[in-house]
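See below for the structure under consideration.
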Amino acid sequence: MKLHLDPALRKALRVCADELDKLDADWAIAGATAMQAHGYARATRDIDVFIGDDVRAELMARLRARGVPVTPIFKPHHYRIDPVARKDPEASIDLLFPALGVESLGLLAATRMLVDGKEMPVFPIHHIVALKLTTDSSIDASRYVRDLADLIALRDRGLVDSARVHQILEDVRDAEARARLSHLVAGTLGRQLGVAPKPGKRSGRARHSSD
């Protein structure tokens, strides 16, 4: 999978991946970059990386030692790399250290894929769908609308395996997200906010098997 990245961002990502592998860390590319690896591409200017918290302090030290600037956004869960020589002012890498939940399950289930010429662990598509279904519109309406658009696009491309996603949400005991999954499969998710998809022919259907 070839990414159209700011050169400075590409270099920072390679450094980050190298150090994480040296630390034998649990980590994975997530967000829009992971969705692209699984077959759904949409525009993005940053890269999300989920990382096991046990290497956080050592990773920060190693990145700074190699000249990669790391800024805390919300300690101890969110840090950001803003490459110094970037041409795009919005190009960045978000380093996310999740608590227990869908994110941590996705870390453990990540598989290595070729990302921009280098093998990197990528968040599984089932966990991406499950994570987006946990977004609560009453807490973060703008993120909900964005995640809704992604969920509909993933469903229409046949990338939603409802049985696997349901099991993940069952494992984290999120009944509300399971209800959203049912609405997603039925095509009714989001209507309460007036952001349901326009009627039209789908390019695919949600899968119900666990193949």
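No lab work stands behind these numbers, since they all come straight from the coordinates. Being a predicted model, the structure only gives us computed values, none of them experimental. Positions of Cβ are backbone-derived with ideal geometry, glycine not excepted, and every protein chain shown enters the neighbour counts.
Annotations
- Any hit, region 122-133, residues being within 17 Å of L20 (Cβ to Cβ), crowded, with 19+ Cβ neighbours inside 10 Å and touching a helix residue (DSSP H, G or I) at 6+ places or on another chain (Cβ under 9 Å): yes
- Looking at A30, A37, just one residue is closer than 19 Å to D82 by Cβ, aliphatic (A, V, I, L, M) and buried (at least 16 other Cβ atoms within 10 Å of the Cβ), and that residue is A30.
- Of all residues in region 101-123, those being of a type outside the set (D, E, K, R) and without any contact (Cβ under 8 Å) to a residue 60 or more places away in the chain number 3.
- Residue, farthest from Y144 (Cα to Cα), within region 174-193, restricted to residues that are of a type in the set (K, R) and within 20 Å of the chain's Cα centre (by Cα): R178
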